[in-house]
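Encoded as structure tokens, the structure appears first; notes follow it.
Bear in mind these aren't lab numbers, they're just calculated from the coordinates by the rules spelled out. Bear in mind the structure is a predicted one, so any value in this text is a computation, not a measurement. Note that each Cβ is placed from the backbone with ideal geometry, even for glycine, and that neighbours are counted across all protein chains shown.
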Amino acid sequence: MRVAPAYRFVALTDVGRQRANNEDAVLVDPDHGLAVLADGMGGYNAGEVASALAVDLIAAGMVRWLDQAEGGGARDVRRAMEICVDDANQAIFEAAHANAAYLGMGTTLVMAVVRGDGAVIGHVGDSRAYRWRAGQLVQLTRDHSLLQEQIDIGLITPAEAAASGNRNLVTRALGVEDTVLLELREVSLAPGDVLLLCSDGLNDMVTDGDIAAVLAVPAPLHAKAQRLLDEANARGGRDNVSVVLIGMPDLSEITH
Ligand code: CA
């Protein structure tokens, strides 16, 4: 019997049905309990450059820190995430200004560090984290987007937002300015829970209810992730779609 639950990690990304390039990037490192997902933007291939830089630099920085700070608490993890994201932001910002083809590139970010029975979640922009627990899907992040700001001040309803054409205007991104504010929160995880990280190519195409239904079907985690991509593509696949699933084994799996 394990003292700590062995989380399972799956990361999948797909170009979708309408785009030529995949500007999303995903990385999971189960040994370090780490997942990073980025959704890039910019002309030519700049979006791909921005999201790849974000994922690679943040993962490398976090792995270095996690290797050195085995016993650090959630507060230390939060601080390490802030530093790594700040460093990546600087690097993308400098790359954008060193090459005319990259000017204006940027990327969203959602990341998680899971340890013990909880996770620290960080995000910038409209890539999201959700927790699925016993059939219920709860959104853990609040989009940094024009649409969310309009909802917050009562200018439009969530239903109107769902039908809006201005879905992709983010108000925060890495690489756009020389500093960026990472939003952080801590969440608990219980046996059987699934943590979902995704790009907007998933939640723009598939409702929260339909995502919850896919996660509720008994199947290996990889099959659930693939099914989420398939659902986004079946509904039109207008954008690149990326999914990270982190599963905490249920009690029967932990004790066997
Ligand atoms: Ca996108």
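In the frame of its principal axes, the range 135-256 has Cα extents of 50, 34, 28 Å, reported largest first. Our coupling estimate for the range 88-103, obtained by passing each phi through the Karplus curve with A = 6.51, B = -1.76, C = 1.60 and θ = phi - 60°, is 5, 4, 4, 5, 5, 4, 5, 5, 5, 9, 8, 9, 4, 5, 9, 4 Hz, Gly and Pro reported as x. Whole-percent P(r), the chain, all Cα pairs, 5 Å bins from 0: 1, 7, 14, 18, 20, 17, 13, 7, 3, 1, 0, 0. Model label points for Arg64 and Ala98, set 7 angstrom from Cα along the Cα-to-Cβ axis, are 1.6 nm apart. Entry note: the range 1-135 has Rg to Rh equal to 1.00, where both radii use alpha-carbon atoms and Rh is the Kirkwood radius.
Reported value for the range 91-135: 83 Å³ per residue, from the convex hull of its C-alpha atoms. A compact globular protein would have a Cα radius of gyration near 2.2 N^0.38 Å; the ratio found for the range 190-256 is 1.17.
Express in nm, to one decimal, how much length is gained between Val138 and Leu181 on full extension, taking 0.36 nm for each residue of separation and deducting their alpha carbon distance.
13.2 nm is the gain from fully extending Val138 to Leu181.
Here the Karplus relation 6.51 cos²θ - 1.76 cosθ + 1.60, evaluated at θ = phi - 60°, turns the backbone of the range 203-218 into coupling constants of 6, 6, 9, 10, 5, 4, x, 6, 4, 4, 5, 5, 5, 7, 6, x Hz, with x for every Gly and Pro.
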